[in-house]
Amino acid sequence: MKPLYFFILVLFVFVNAFKLNAQDIQADIQKCAMSTGKDAIYLKDFVVKLAEAKPNQKPPAFRITLALRKGIIYRLNVCKNINSQGDPVLHLYDETILLLSTFNSQTGKEYKAVSFECKKSGAYTVTITFKEGKQGEAIGILSYINK
């Protein structure tokens, strides 16, 4: 009978820990979404957790393909998690063409949000990496701008 009680106790602790973690993530997503601006309407979020890059290897990257519509102004922003060692960088690509980034490598300037006026409907790729291949956790938000 004791193993049954132990199993129930472990299960209870695990379920409650999972609920607390899920609530923390939802709170972080909401906080990040609120930072997009009053003119932005939330569409989608991306929760990213990447390991540190191994020596002499490309840094890990999160990738997602989105269908965007012509004539819509989109805003993409990225929020760094407190547990992150690296600073997140978000890129938007049309096929292999880089359209925008939250980091300007020429000036070293970082942007928390970038806006994009879609000129043609189609598939676009969003990537999130961490500078210098460091371990990182971040949340990306896709919104559209209400005109």
Only unsatisfied item for G37, checking (1) at pLDDT below 90; (2) over 26 Å from I25 (Cβ atoms), is (2)
Of everything in region 88-147 that's out of contact with any Phe, Trp or Tyr (no Cβ under 7 Å at 6 or more places or on another chain) and of a type in the set (F, W, Y), which residue is surrounded by the fewest Cβ atoms within 10 Å (Cβ to Cβ)?
-> Y111
Which one is nearest to K120 (Cα to Cα), of the residues in region 64-103 that are under 11 Å from the mean Cα position of the chain (by Cα) and β-branched (V, I, T)?
-> I64
Filter region 29-38 for residues that are assigned to a loop (DSSP other than H, G, I, E, B) and open to solvent by 60 Å² or more (accessible area, probe 1.4 Å); the one that is farthest from I141 (Cα to Cα) is K38
Going by the structure shown, is K112 touching a Cys at 6+ places or on another chain (Cβ under 9 Å) and modelled with pLDDT under 90?
-> yes
Every listed condition ((1) surrounded by 15 or more Cβ atoms within 10 Å (Cβ to Cβ); (2) more than 16 Å from L142 (Cβ to Cβ); (3) not basic (K, R)) holds for F46 save (2)
How do the pairs read when you match residues in region 51-71 that are open to solvent by 90 Å² or more (accessible area, probe 1.4 Å) with residues anywhere that are of a type in the set (D, E, K, R), using Cβ under 8 Å and keeping only pairs 6 or more apart or on different chains?
-> E52/K134; K70/K119; K70/K120
Which number in (1) open to solvent by 90 Å² or more (accessible area, probe 1.4 Å); (2) within 22 Å of Q26 (Cα to Cα); (3) in contact (Cβ under 8 Å) with a residue 24 or more places away in the chain marks the one condition that V78 misses?
-> (1)
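The values are calculated or read from the model by the stated rules, or taken from the named source; none is laboratory data. Being a predicted model, the structure only gives us computed values, none of them experimental. Cβ sites come from the backbone with ideal geometry, for glycine too, and all protein chains shown count toward neighbours. When the accessible area is computed, the model is the full protein with side chains, heavy atoms only, and any ligands, DNA or RNA have been set aside. Shrake-Rupley method; radii C 1.70, N 1.55, O 1.52, S 1.80 Å.
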